[in-house]
Amino acid sequence: MRFAETDLCVTLTGIVDESRTSHPSRTVDLRCPPSLLGRWDRDRLEQVFSNLIGNAISYGLEEKPVTVEVREEALDGPIRVEVHNDGPPIPEELRAKIFNPFRRGGQDSKAEQTAGLGLGLYISHTIVVAHRGEIDVRSNSAEGTTFRVTLPRRPNISSPTVGDQEPR
């Protein structure tokens with residue numbers, strides 16, 4: 001992973017714009033401050049939020065918007081990003097394992113008909129943890145589904161590269 005000064009709102013705006021282009025019949029609302037700087041791996045966070053927004057589009061009700069909301073917990077404190085969709089809740093037995101590899105939506109879901117190995121949330125979890133952050137999900141029939149990612153603005157990482165060694 002490569003950490004550099006990154007504007008999270010610029011990153012999210014790009015992902016939301018792509019989602020709107022890929023799914024023109026869907027509404028994706030972004031609520032983000034004008035600028036939100038931190039030290040993150042932009043490419044990896046693009047993976048996380050592309051996956052979460054894509055899942056929200058796939059599993060959410062078509063007539064309801066997907067919302068992406070960014071909040072600062074405190075000046076220079078952690079950042080919270082919530083991706084929400086209305087639709088059938090994630091079954092409780094699946095929620096307990098949702099960040100494990102090879103897990104996918106229920107048999108009745110639209111997304112079950114799409115290709116994929118069920119690694120997106122596992123990879124997203126791994127990336128968020130590498131940023132010294134947290135990811136969780138809240139899902140019920142009354143409120144819909146919300147994935148919440150909390151990231152420190154400046155993760156305590158001793159090296160600019162984390163994970164595998166550089167290619168030779």
_Tell me which helices (runs of 4 or more DSSP H) are completely within the range 1-96 and hold 1 or more residues being of a type in the set (Gly, Ala, Ser), or say none if there are none._
8-22, 42-59
*Which one of these does residue 6 not meet: (1) out of contact with any Gly (no Cβ under 8 Å at 6 or more places or on another chain); (2) surrounded by fewer than 21 Cβ atoms within 10 Å (Cβ to Cβ)?*
(1)
_For the list (1) hydrophobic (A, V, I, L, M, F, W, C); (2) modelled with pLDDT under 95; (3) touching a Phe, Trp or Tyr at 6+ places or on another chain (Cβ under 6 Å), I need the number of the one condition that residue 137 fails._
(2)
*Go through the residues of the range 67-90 one by one and say whether even a single one is free of Cβ contacts under 8 Å to residues at least 40 places away in the same chain and either more than 26 Å from residue 152 (Cβ to Cβ) or in contact with a Cys (Cβ under 6 Å, 6 or more places away or on another chain) (or both).*
no
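Here's the yes/no breakdown for (1) more than 22 Å from residue 140 (Cβ to Cβ); (2) out of contact with any Asp or Glu (no Cβ under 9 Å at 6 or more places or on another chain); (3) open to solvent by 50 Å² or more (accessible area, probe 1.4 Å):
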residue: 18; (1), (2), (3): yes, yes, yes
residue: 41; (1), (2), (3): yes, yes, no
residue: 45; (1), (2), (3): yes, yes, no
residue: 56; (1), (2), (3): no, yes, no
residue: 71; (1), (2), (3): no, no, yes
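Within the range 7-21, count every residue that is β-branched (Val, Ile, Thr) and either over 19 Å from residue 36 (Cβ atoms) or at pLDDT below 95 (or both). Reasoning before the result, please.
Initially, the range 7-21 is screened for residues β-branched (Val, Ile, Thr), giving 10-11, 13, 15-16, 21.
From what is left, the residues that are either over 19 Å from residue 36 (Cβ atoms) or at pLDDT below 95 (or both) are 21.
Residues meeting the conditions: 1.
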*Which condition number in (1) within 22 Å of residue 93 (Cβ to Cβ); (2) open to solvent by 30 Å² or more (accessible area, probe 1.4 Å); (3) not in a loop (DSSP other than H, G, I, E, B) is the one that residue 142 fails?*
(3)
*Can you work out which of the residues in the range 75-101 that are at pLDDT 95 or above and among the charged types (D, E, K, R) is least open to solvent (accessible area, probe 1.4 Å)?*
82
*Which one of these does residue 118 not meet: (1) open to solvent by less than 30 Å² (accessible area, probe 1.4 Å); (2) at pLDDT 90 or above; (3) out of contact with any Cys (no Cβ under 6 Å at 6 or more places or on another chain)?*
(2)
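The values are calculated or read from the model by the stated rules, or taken from the named source; none is laboratory data. These numbers were taken from a predicted model, which means no experiment stands behind them. Neighbour counts are summed over all protein chains in view; Cβ atoms, including those assigned to glycine, are modelled from backbone coordinates with ideal geometry. Heads up: the accessible areas ignore ligands, DNA and RNA and are worked out on the full protein's heavy atoms, side chains in. Shrake-Rupley method; radii C 1.70, N 1.55, O 1.52, S 1.80 Å.
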